[in-house]
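Here is the structure we will look at, set down as structure tokens.
The values are calculated or read from the model by the stated rules, or taken from the named source; none is laboratory data. Please read all numbers here as calculations on a predicted model, not as lab measurements. Note that we place each Cβ from the backbone using ideal geometry, even for glycine, and neighbour counts take in every protein chain shown. Please note that ligands, DNA and RNA were not included when accessible areas were found on the heavy atoms of the full protein model with its side chains. Shrake-Rupley method; radii C 1.70, N 1.55, O 1.52, S 1.80 Å.
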Amino acid sequence: MTTISTSAIDTLRSRLTTAIIYTPGTDGYEESLVRWSDTGRKRAGVVVQPIDPRDIQAALLWAREEDIDIAVKGGGHSTAGTSSSDGGLVIDLSRMNKVTVDCTNNTITAQGGATWKEVDNGGALHNLVTVGGTVNHTGVGGLTLGAGYGWLSGQLGLTIDNLLSVSVVLADGSLVKASATEHPELFWGLRGAGYNFGVAVEFTYQAYERANPVYAGLMAFPPHQLEEVIQLLNGLLAEPDSRAGAMCFFAQAPDGSGPMVIVICFYDGTKEEGQAQFAGFLALEPVLNTVDMIPYATVNTLQNPSATYGDRKAFKGIFFEPPLDPKFVRSIFDDFMAKLKSEPDLKASAIILEFIDMRKICEVPLSATAFASRNSTQNGLLALRWTDASKDLEHRAWAREAQAKWKAELDAQVKGHETGEYVPQYINYAEPGDSVVPNIYGENLARLQRVKSQYDPTNVFNKMHPISVAPSN
Ligand SMILES: Cc1cc2nc3c(=O)[nH]c(=O)nc-3n(C[C@H](O)[C@H](O)[C@H](O)COP(=O)(O)OP(=O)(O)OC[C@H]3O[C@@H](n4cnc5c(N)ncnc54)[C@H](O)[C@@H]3O)c2cc1C
């Protein structure tokens, strides 16, 4: 790790206007390093918190002159530390979190450091919604640039399918707006491989009128009902309703009473319609049932009590082709719970499986955006959480083994793999270097390499699934 000289910091300071700057030892420096996961925290050489894009431009050009590593922080949820830098510059967008709503055109504009909470709450004031994350303290930045799934994806597609424009500070320091008509190739690349091209300072999303509450909440089931719950979840996708969605969690009950199967239900309709959709789950008589009619913005707070800041975390993407084999899931569940029992420090870990109607997402041609995994494969996460830093390698190694079981199951299910092709998986759930996702950009890679060589030829933005630049002819 190189140390940035005092004179270089003085030069940076002299070029900034309203940005706050933190260096090691100054008040506020330690707080500025905090990330959602302690595994994402690194000791930056300098942290710049701008409120004006001109300061982003100045900081970026300064770092390039000084040949200093550059990281961009949006909501700070990367567990792999991709929004942090060891000794380099962090452009921390957390003060750029304003959201504005245009009720004439039904659009929501969020600055690059906003979280979904600001978007959900800002939209709710005008009965407007868009497709955002299901945990409202995640950043709009990382989630949007990697495509974005939310509860409304069944009806409205991905976050990027509702993205109208992005303003970006590029590697050469210029500020441009990308949309269907301005820098269209850049706009194409930003939708699915977006962390590769610059600092996104503003996103504008299409919004939709939703005045009514939705049917949503948690149901908890004892482990012996696992197979029945999985069959019901399979049923949701066998006869899909775009207004329905579910997430299933394998976790320890917070009161220490043992393993639980938890389902978050979502239905964008009336209580009667929701109850009919989830009738099978209700018939199992869940031991806990909080499902009710609640505002859409509240749905994205349901996971907040378990998705708190702090501790060490690893997020390993797991991908599956429905229907899930209940026998396979039982073996995963039992192994996972045995691991949590033998390693009490992992007690707050979970396996999370998503059940989303993919039809709307798959209506968009693969070539329409850079996002390469529009297919029927569902997304999930092995979300490990622990406190003992000396166990980092061991826990990650175990997570990779568990992840490999899901990959083997998917390989056995997905026919294309027999021909040597690999079905790309969700980029936002893949940690950099994740060996289960060998070709994250799929058939869009060659075009992405061309866009990268035009907009970031020296690979300044290289922390999250960097695209290798196309060799010049
Ligand atoms: C608790 C939790 C819940 C999640 N839920 C969902 C979900 O419901 N749906 C879903 O699709 N995904 C979800 N994810 C995955 C999430 O989309 C990614 O982790 C995302 O990268 C987080 O973005 P961030 O801005 O909070 O994180 P950061 O750590 O700040 O950023 C992640 C990456 O994006 C880059 N980046 C962030 N903002 C910008 C910007 N403005 N300009 C340029 N680069 C930027 C960073 O440099 C970094 O490489 C969830 C993740 C967590 C931890």
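Quick look at the numbers
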| quantity | calculated |
| --- | --- |
| For the chain: accessible area per residue (Å², 1.4 Å) | 40 |
| Between 0 and 90°, nearest 10: helix 184-193 axis offset from the chain longest Cα axis | 50 |
| For region 99-209, radius of gyration divided by Kirkwood radius, i.e. Rg to Rh on alpha-carbons | 0.94 |
| Members of Lys42/Lys117; Lys117/Lys313; Lys339/Lys452; Lys117/Lys463; Lys117/Lys339 lying beyond 31 Å, as alpha-carbon distances in this model show | Lys339/Lys452; Lys117/Lys339 |
| Low-density loop positions, chymotrypsin sites (Phe, Trp or Tyr not before Pro), region 178-259 - DSSP coil, at most 13 other Cβ in 10 Å | none |
| For region 6-94, the Rg and Dmax computed from alpha carbons only, in angstrom | 11.9, 33 |
| Accessible carbon and sulfur surface of the chain relative to its total accessible area, %, 1.4 Å | 52 |
| FRET efficiency, 1/(1 + (r/R0)^6) with R0 45 Å, evaluated for Thr104 and Ala397 via beta carbons | 0.25 |
| Pairwise label distance in nanometres, Thr3 with Asp292, each label 7 Å out on the Cα-Cβ vector | 5.7 |
| Rh by Kirkwood over Cα pairs, then Stokes-Einstein D for the chain at 0.692 mPa s and 37 °C, µm²/s | 143 |
| Exposed-site-free run, longest, the chain (rule: trypsin sites (Lys or Arg not before Pro); DSSP loop; at most 15 other C-beta within 10 Å) | 99-346 |
| Computed FRET value (nearest 0.05) for Arg330 with Leu61, which takes r as the C-beta separation and R₀ as 45 Å | 0.20 |
| Partner aspartates and glutamates for Lys407 [C-alpha distance under 17 Å; skip if fewer than 8 residues away on the same chain] | Glu321, Asp325, Asp335, Glu354, Glu418, Glu421, Glu431, Asp434 |
| Stretch in the chain that is longest and holds no GluC sites (Glu not before Pro) that DSSP places in a loop and that have at most 16 other beta carbons within 10 Å | 183-420 |
